[in-house]
Amino acid sequence: MRRYFRKPIPGDATDPQSLTALLERYLLWMETHHYASETVSIRRLTLGKFILWCHERTVTQAREVTREMTERYQRHLFYYRKRNGEPLAVSSQTHWLIGLRGWFSWMAEEACIEEDPTRKMLLPCREQRLPRHALSQSEVEAVLAQPDLATPLGLRDRAMLETLYSTGLRREEVLALHLSDLDRQHGTLLVRRGKGNKDRFVPIGTRALAWIDKYLSEVRPALAQDSCTPILFLTKTGRAMHPNHFSAEVREYLEKAGIAKARACHLFRHSAATLMLEGGADVRYIQAMLGHTSLATTQIYTHVSIAKLREVHEKTHPARLYRDPDQGAQDPGCPPQSASPRHPDDGDDARPAGV
């Protein structure tokens, strides 16, 4: 799972009414109520930035935060620009503001403040954005062929890529797999504490299983170095791979295959969902495989599968996109075909009269 540095949050943590002390209390409350560690880390990061923004305006106490201030902070997020000059995505702004509302709602429930200044906050309208990229089947095969199978790490990477493609797992979920999570008899993987701290079973294909077995028999024993680690995929030092390292390797294989598409590991997740839907899979099964809580999150892939929609359109719409060769005649609704224009070099008879 991703880890965030615990940078010190500005303010007096010994003052029970300070924003800093109340944030520490809130984070502890989240942990004791079994919120995912990833969620707690993100809240520490985003709410810590809100406290810093307040301190820059000489506001250190929770009771000093007003509704007008939270509205100003929302505008601040809207106009904020990252180091590369790009604005915060609407989804990021929404996540930050949801965290802010949750914190102040908790403070109101705990009687730390008299009134919740975020109670009437309106969140940004949700964007319906499509995944920007997905690989075709041929592109996937091109990437899978890039690892050097003559080397141990190349064989390991091939097994990891096959796992990504076959299961649609998130990057962190692949790296957290244990040896015991693999069930060959039923052809499944157990994903432990995925997003939202939820376990789920995911099907895995026989081809990916074959590459994993080859990795387990020929490579992993040497990488483990007599270690008792349960992690399935290991580095050359016998440890779990860092997510950024894995992304860098996948990105390198994409470049070697001549594919200029972003998101590296997540690209395989998008591709698995899209290709399965184009193959006729029900979106509810894709939802279960990807571990989406809401079907609305999965349905975005139905918009990506334009190839299947085009096929249905061509077969069923009265105004077909092309002439059916079996009909033997052109659709009367199509414009009349004109003779191909002749090139001036075809001969003197191709020239206009008098020239």
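FYI, it's all coordinate maths here, none of it is from the lab. No experiment lies behind these values; they were computed from the predicted model shown. Cβ: placed from backbone, ideal geometry, glycine included. Neighbour counts: every protein chain shown.
So in region 169-201, with the set limited to residues that are touching a residue at least 24 places away in the same chain (Cβ under 8 Å), small (Gly, Ala, Ser) and in contact with a Gly (Cβ under 9 Å, 6 or more places away or on another chain), which one is farthest from residue 39 (Cα to Cα)? Only one residue fits best here, namely 176.
Highlighted here are the helices (runs of 4 or more DSSP H) found entirely within region 204-256 that include at least 1 residues which are under 23 Å from the mean Cα position of the chain (by Cα), surrounded by 15 or more Cβ atoms within 10 Å (Cβ to Cβ) and free of Cβ contacts under 8 Å to residues at least 24 places away in the same chain: 243-256.
Considering each residue of region 239-253, count those that are touching a strand residue (DSSP E or B) at 6+ places or on another chain (Cβ under 9 Å) and not aliphatic (A, V, I, L, M), and give that number. Spell out how you get there, then give the answer.
From region 239-253, those touching a strand residue (DSSP E or B) at 6+ places or on another chain (Cβ under 9 Å) are 239-241; that's our starting set.
This time we only want the ones that are not aliphatic (A, V, I, L, M), so: 239.
Residues that pass the stated criteria total 1.
Filtering region 257-287 to residues that are part of a helix (DSSP H, G or I) and either exposed (fewer than 15 other Cβ atoms within 10 Å of the Cβ) or touching a Cys at 6+ places or on another chain (Cβ under 8 Å) (or both) leaves 284, 285.
Within region 177-193, which residues are in a loop (DSSP other than H, G, I, E, B) and surrounded by fewer than 20 Cβ atoms within 10 Å (Cβ to Cβ)?
Of the residues in region 177-193, the ones in a loop (DSSP other than H, G, I, E, B) are 177, 184-187, 192-193.
Hits for region 177-193 are 184, 185, 186, 187, 192, 193.
Report, by residue number, each residue of region 76-95 that is hydrophobic (A, V, I, L, M, F, W, C) and part of a loop (DSSP other than H, G, I, E, B). Of everything in region 76-95, those that are hydrophobic (A, V, I, L, M, F, W, C) and part of a loop (DSSP other than H, G, I, E, B) turn out to be 88, 89.
The set of residues in region 88-107 being among the polar types (S, T, N, Q) and farther than 19 Å from residue 52 by Cβ consists of 91, 94, 105.
Just one residue in the set 73, 35 is in a loop (DSSP other than H, G, I, E, B) and under 28 Å from the mean Cα position of the chain (by Cα); that residue is 35.
So if I check each of 9, 98, which one is part of a helix (DSSP H, G or I) and under 34 Å from the mean Cα position of the chain (by Cα)? If you could, list the steps in order and put the result at the bottom.
Working: 9 fails: part of a helix (DSSP H, G or I).
Among 9, 98, only 98 is part of a helix (DSSP H, G or I) and under 34 Å from the mean Cα position of the chain (by Cα).
For region 142-185, the set of residues classified as within 18 Å of the chain's Cα centre (by Cα), among the hydrophobic types (A, V, I, L, M, F, W, C) and more than 15 Å from residue 213 (Cβ to Cβ) consists of 161, 164, 169, 174, 175, 176, listed by residue number.
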